[in-house]
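K.L.:
Mind having a look at this structure? Questions to follow.
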Amino acid sequence: MPNRTEALEKPAVAVRRSASLWGDAWRRLIRNRLAVVGGVLVVTFFSLAILGPFIAPYEYQAQHLQEILANNNRPIAPFGSEFFLGTDNLGRDLLSRLLDGAQISMTVALVVQAVVLLIGLPIGAAAAWFGGRVDTYLMRFTDVIYAFPDLLFIILLSVAFRETFFGKAMNGLLLVFVAIGLTAWVGMARLVRGQLLSLKETEFVEAARAIGVSDFRIVTRHLLPNAMGPMIVAVTLGIPGAILAEATLAFIGIGAQAPRASWGSLVANGQPFLRSSPHLVIFPALAVATALISFTFLGDGLRDALDPKLKGKQ
Amino acid sequence: MLGYIIRRVLWIIPVLFVVSLITFSLMHAAPGGPWDREKKLSASTIAHLNEKYGLSDPIHIQYLSWVGNMVRGDLGPSYKYIDRSVNDIVADGIGTTAHLGIMAFLLSVILGIPLGVIAALRHNKIPDYLATFVSVIGIATPSFVAAILLLVFFSVTLRWFPTHGWDGWAEPDTMVLPTIALSLFPIAQIARFTRASMLEVTRKDYVRTAQSKGLRERSIVVVHMIRNALIPVVTILGPLLAFLITGSFIIETIFSVPGIGRYYVTSIGQRDYGVIMAMTMLYAAAIAVLNLVVDVLYAYIDPRIRYS
């Protein structure tokens, strides 16, 4: 029976690559076309935000008044001059301003989610680990914060403390970032608590306890790494909300102060010129839209890739 | 169930208490006061005004008197609109804000659910792509951008609808653009959620059983799939309605809709304490009540869920 020996020489396990959670997730992710498009755009946005000051054709706040004067004091239209996307009514290059806006939006994405993790993670973890009265109090507290009308709370914080030192840091942006983060952590706390509660009962945690691993180490080394998937998804899908909140606030004049150019304030500034120079609204609106879509696609893709319930299906 | 509802209703009271406490402290901790004007008022005038409105009392006395008045239904005076009380301001605008919010909510449900259902039933076919395209547009377009584009296209260029104002059913065309601008995002949200939920249900055993029994496609979809798929959708409707009512101030500002939302931003800037407090409390109460309604509704439509 030579055939059978041949078959045995090729070990069956070698055909199947090792199926680690992250490897599997990665393979599923890159098969998802929308998620890949989203991921590539997200990377592009971050690169533009970092490289913006170096690749911008002009300073974002520089006014080219000579050119505006030559154009009858009107915003310069896109694609027809040395200003690729045109200028606003003060002769500021729109492309350079959009790049500055990208920097603001991507900073929002990072800072807000950092605040969310910084507050939500310890609260959720403590509630799940200690349980009992600690759990009750912490969850009641998150319930109260959840009942706060978030956009209003952000506006309240931002407007009320605008004149203070903290309010003026980073051209008024830091306060807005923190305010958005302060309202957004509740979901993360609940998610972490739920994840840890179910993981707490697993055998590997029991085993770790049995050999005398400390509480802190169990939470940080055993529980949190296993809850990582849903947390990554929540962070990614939380980003569009943060970007939208910042843009909306900038639109009504809260947050980024002139001459900084948030995409929201660009739309607001362009509004009076909408009929004669629609590019002043269209381009920043497109920028916001693309950013929101890319993070949503990437987040959706990550959720599908990391959700073990879907394993084997599709 | 009744016990659960009573406990949840009672729980709203401490929530509102803490919300009011935080808002009150933040407001008073912020620098500046309601009498800051371009032209500075004299110190004696300010002292006189503070005396008249009780603003020179210690902060905890001010808070307690605000609570006492509010419990009796008196929201206090407005420092900006001297001739009007906060009750007047709220009474004037709340109807319009609620009307706009509910209209947008209905439109989102009426369009969002069918979009999601159709997308799921024609999974990976043209209707699915169309519905997904619509919801991507909805998610990607901030309401202020949608409002501006609608305004320019339909009011300024085509002149189909008025550019501002709101007359309710007396002049229905004033309602069209604000309602659409406000509901774009929730339509997308509901459609996405419904689609995902429908796709989940499609894989369930009871659907396969129904199919193998040879039931008509229609009754499988309506009786077995949609009814089960909508259960999780209900949970997002409460927060969504709350979002529509509290989030409408941008739309109210752009279309000059005389609701209460547009007062909020200006009242914070002007330290109009009474208006800020009233607005925050109203919105927080709305959110709390809507969440409660949704939780109860959830148990009602899904017999598997029982609260104790």
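The values are calculated or read from the model by the stated rules, or taken from the named source; none is laboratory data. Note that the structure is a prediction, hence the values are computed from the model and not measured. Cβ placement follows ideal geometry from the backbone for every residue including glycine, while neighbour counts extend to all protein chains displayed.
K.L.:
Taking region A:125-167, which residues are within 12 Å of chain B (Cβ to nearest Cβ) and charged (D, E, K, R)?
P.N.:
Correct list: A:ARG140, A:ASP143, A:ASP150, A:ARG162, A:GLU163.
K.L.:
If you don't mind, there's one more thing I want to ask. Can you tell me which residues in region A:271-292 are at the interface with another protein chain (Cβ under 7 Å from one of its Cβ atoms), under 16 Å from the mean Cα position of the chain (by Cα) and either surrounded by 20 or more Cβ atoms within 10 Å (Cβ to Cβ) or of a type in the set (Lys, Arg) (or both)?
P.N.:
A:VAL288, A:LEU292
K.L.:
Between a first residue in region A:40-60 that is small (Gly, Ala, Ser) and a second residue that is surrounded by fewer than 18 Cβ atoms within 10 Å (Cβ to Cβ), which pairs have beta carbons less than 8 Å apart while being 6 or more apart in sequence or on different chains?
P.N.:
A:ALA49/A:THR107
K.L.:
Report the residue count in region B:197-210 for those that are surrounded by fewer than 19 Cβ atoms within 10 Å (Cβ to Cβ) and either out of contact with any helix residue (DSSP H, G or I) (no Cβ under 7 Å at 6 or more places or on another chain) or closer than 25 Å to B:THR132 by Cβ (or both).
P.N.:
9
K.L.:
Something else: What do you reckon, is B:THR174 in the same structural domain as B:ILE102 (by TED's automatic domain parsing), surrounded by fewer than 23 Cβ atoms within 10 Å (Cβ to Cβ) and under 24 Å from the mean Cα position of the chain (by Cα)?
P.N.:
In short, yes.
K.L.:
While we're on this one: Quick one: is B:ARG262 surrounded by 19 or more Cβ atoms within 10 Å (Cβ to Cβ) and either among the hydroxyl-bearing types (Ser, Thr, Tyr) or more than 30 Å from B:SER155 (Cα to Cα) (or both)?
P.N.:
no
K.L.:
Within the bounds of region B:242-252, is there any residue that is within 22 Å of B:ALA188 (Cβ to Cβ) and of a type in the set (Asp, Glu)?
P.N.:
yes
K.L.:
Kindly provide the set of residues from region B:9-29 that are among the β-branched types (Val, Ile, Thr) and either loosely packed, with under 15 Cβ neighbours inside 10 Å or more than 9 Å from chain A (Cβ to nearest Cβ) (or both), ordered by number.
P.N.:
Scanning region B:9-29 gives B:VAL9, B:ILE13.
K.L.:
So, of the residues in region B:265-297 that are of a type in the set (S, T, N, Q), surrounded by fewer than 23 Cβ atoms within 10 Å (Cβ to Cβ) and in a helix (DSSP H, G or I), which turns out to be nearest to the other protein chains (Cβ to nearest Cβ)?
P.N.:
Filtering first and then ranking leaves B:ASN291.
K.L.:
Does region B:186-221 hold any residues that are within 17 Å of A:ASP300 (Cα to Cα) and touching a Ser or Thr at 6+ places or on another chain (Cβ under 7 Å), and which are they?
P.N.:
B:ALA188, B:ILE190, B:ALA191, B:ARG192
Residue by residue, here is whether (1) assigned to a loop (DSSP other than H, G, I, E, B); (2) over 30 Å from B:THR179 (Cα atoms); (3) free of Cβ contacts under 8 Å to residues at least 24 places away in the same chain holds:
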position	(1), (2), (3)
B:GLY3	no, yes, no
B:PHE24	no, yes, no
B:HIS48	no, yes, yes
B:ASP88	no, no, yes
B:GLY95	no, no, yes
B:GLY116	no, no, no
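K.L.:
Sticking with this structure for a sec: Tell me which residues, restricted to region B:247-264, are of a type in the set (Gly, Ala, Ser), facing chain A (nearest Cβ under 10 Å) and in contact with a Leu (Cβ under 7 Å, 6 or more places away or on another chain).
P.N.:
Scanning region B:247-264 gives a single hit, B:GLY247.
K.L.:
Considering each residue of region A:249-270, count those that are surrounded by fewer than 17 Cβ atoms within 10 Å (Cβ to Cβ) and under 21 Å from A:PHE84 (Cα atoms), and give that number.
P.N.:
Residues meeting the conditions: 1.
K.L.:
Also: Identify, by number, the condition in (1) modelled with pLDDT of 85 or more; (2) more than 11 Å from chain B (Cβ to nearest Cβ); (3) over 22 Å from the mean Cα position of the chain (by Cα) that A:ALA268 doesn't meet.
P.N.:
(2)
K.L.:
Oh, and also: Select, from A:ALA184, A:ALA147, A:ALA169, A:ALA179, the only residue that is of a type in the set (A, V, I, L, M), more than 21 Å from the chain's Cα centre (by Cα) and surrounded by 20 or more Cβ atoms within 10 Å (Cβ to Cβ).
P.N.:
A:ALA147
K.L.:
Would you mind telling me which numbered condition in (1) in a loop (DSSP other than H, G, I, E, B); (2) touching a residue at least 40 places away in the same chain (Cβ under 8 Å); (3) of a type outside the set (Lys, Arg); (4) more than 13 Å from every other protein chain (Cβ to nearest Cβ) B:GLY32 fails?
P.N.:
The failed condition is (4).
K.L.:
Assess whether A:THR220 counts as being among the β-branched types (Val, Ile, Thr), surrounded by 21 or more Cβ atoms within 10 Å (Cβ to Cβ) and assigned to a helix (DSSP H, G or I).
P.N.:
no
K.L.:
Continuing with the same structure: Regarding A:GLY101, is this residue of a type outside the set (A, V, I, L, M, F, W, C), within 14 Å of another protein chain (Cβ to nearest Cβ) and surrounded by 15 or more Cβ atoms within 10 Å (Cβ to Cβ)?
P.N.:
Answer is yes for this residue.
K.L.:
May I pose another question? Return only the number of the condition from (1) small (Gly, Ala, Ser); (2) over 30 Å from A:GLY299 (Cα atoms); (3) touching a Pro at 6+ places or on another chain (Cβ under 7 Å) that B:ALA91 does not satisfy.
P.N.:
(3)
K.L.:
Any idea how many residues of region B:202-246 are of a type in the set (Gly, Ala, Ser), within 25 Å of B:LEU297 (Cα to Cα) and more than 14 Å from every other protein chain (Cβ to nearest Cβ)?
P.N.:
Matching residues across region B:202-246 total 2.
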